[in-house]
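Report on the following structure.
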Amino acid sequence: MWINATCNLDFNIQSPTPLVLMLRPRSGSQQWVAQESYILSPYVPVVEFTDIFGNLCQRLVAPVSDFSIKTSARVMTADNVDVEPGACFVEVQNLPESVLTYLLPSRYCESDRLGTVAWEIVSGFQQGYDQASAIDCWVRNTIRYTPGSSNFPVSAEEVNLRGEGVCRDLAHLGIALCRSISIPARLVVGYLYQLQPMDLHAWFEVYVGNRWYTFDPTQDELRGGRIAVAYGRDAADVSVFHQFGAGDILSSMEVRAELLQSESI
């Protein structure tokens, strides 16, 4: 399907503020970016670079003013998400080096503290995809998905204790549980068509069967219409903007993901 995804950010800048943004999706095996727009008002010079996870990042200094960033992307993405029950567990010694970092504990995914819980969840399931699926199902049925329940990232252990969280929080718990049984897992942030309420969305991927597979404990059915913007170990790596300076500068944010008809492409 073709999706037109937009993200509009409005800032109120009181002093020149360095920003690092992560707002551009990239083409890959699951999506093709056909057209993009990236508008700054007022315009300032931008330097783009690729971070250690392969994300496209934009670096700039926002001026003292009402400052806005408007992005849009027309993307062809899969109608359905690949599933592969029975996909094999990849032994650590056989993992690609680029995947090894997604086995380690990280700031919001304390996989070294959740092993006992994880092994209880996956007891009786085949190693690999089926274990990750059991973890995804357990998070969905155990942790209440409550949009707007937290305004800042919460760690996997905190989410487990609270029993509720936003999409990012549930993904953190799924990631930590998978890593604790030596299944690489990473956070993905992007757009999901027909998400309610509409916002940027977070889910997670696991590496089994020599490739990455998608899981999303916030949705009753794993569906397509996803546009990935950023990948990382946890929320610390994939924020759509990092500001370097004091104060709450974001005044509004509007996100849309709309289905395009063939004649509109």
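Here's the yes/no breakdown for (1) farther than 18 Å from Y213 by Cβ; (2) part of a strand (DSSP E or B); (3) at pLDDT 95 or above:
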position	(1), (2), (3)
W32	yes, yes, yes
A73	yes, yes, yes
M76	yes, yes, yes
P85	no, no, yes
V99	no, no, yes
Y102	no, no, yes
D112	yes, no, yes
| note | Filtering segment 41-61 down to residues that are within 15 Å of Q243 (Cβ to Cβ) and either of a type in the set (D, E) or assigned to a strand (DSSP E or B) (or both) yields C57, Q58, R59, L60, V61
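Being in contact with a Leu (Cβ under 7 Å, 6 or more places away or on another chain) and assigned by TED's automatic domain parsing to the domain that holds S180, is that true of even one residue in segment 93-116? Reasoning before the result, please.
Start the filter on segment 93-116 by keeping residues that are in contact with a Leu (Cβ under 7 Å, 6 or more places away or on another chain), which leaves 114.
Subsequent filtering for residues that are assigned by TED's automatic domain parsing to the domain that holds S180 retains 114.
Scanning segment 93-116, I find at least one residue that is in contact with a Leu (Cβ under 7 Å, 6 or more places away or on another chain) and assigned by TED's automatic domain parsing to the domain that holds S180, so the answer is yes.
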| remark: Within segment 89-123, the count of residues that are surrounded by 14 or more Cβ atoms within 10 Å (Cβ to Cβ) and not acidic (D, E) comes to 19
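Among the listed residues M22, M1, identify the single one that is touching a His at 6+ places or on another chain (Cβ under 9 Å) and either surrounded by 12 or more Cβ atoms within 10 Å (Cβ to Cβ) or within 27 Å of A246 (Cβ to Cβ) (or both).
M22
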| message | Looking only at segment 63-116, filter to residues that are over 18 Å from the mean Cα position of the chain (by Cα) and of a type in the set (V, I, T); which one of those is farthest from S133 (Cα to Cα)? | response | V64
| task | Please give the number of the condition G190 fails out of (1) surrounded by fewer than 19 Cβ atoms within 10 Å (Cβ to Cβ); (2) in a strand (DSSP E or B). | result | (1)
| Among the candidates V159, V229, residue that is crowded, with 23+ Cβ neighbours inside 10 Å and either assigned to a loop (DSSP other than H, G, I, E, B) or touching a residue at least 60 places away in the same chain (Cβ under 8 Å) (or both) | V229
| remark: Of the conditions (1) out of contact with any helix residue (DSSP H, G or I) (no Cβ under 7 Å at 6 or more places or on another chain); (2) modelled with pLDDT of 95 or more, the single one that I265 does not satisfy is (2)
| query | With (1) surrounded by 15 or more Cβ atoms within 10 Å (Cβ to Cβ); (2) over 22 Å from S106 (Cα atoms) as the list, and G148 as the residue in question, which single condition is left unmet? | reply | (1)
| said: I need a count of the residues in segment 248-261 that are exposed (fewer than 11 other Cβ atoms within 10 Å of the Cβ) and not in a strand (DSSP E or B). | reply: 2
| Quick one: which of L56, L23, L19 is modelled with pLDDT of 95 or more, under 23 Å from L260 (Cα atoms) and among the hydrophobic types (A, V, I, L, M, F, W, C)? | L23
| Which one of these is in a helix (DSSP H, G or I) and either free of Cβ contacts under 8 Å to residues at least 12 places away in the same chain or among the charged types (D, E, K, R) (or both): N141, N151? | N141
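The values are calculated or read from the model by the stated rules, or taken from the named source; none is laboratory data. On a predicted model such as this, the values are computed, not experimentally measured, just so you know. Every residue, glycine among them, receives a Cβ derived from its backbone with ideal geometry; neighbour counts consider all protein chains shown.
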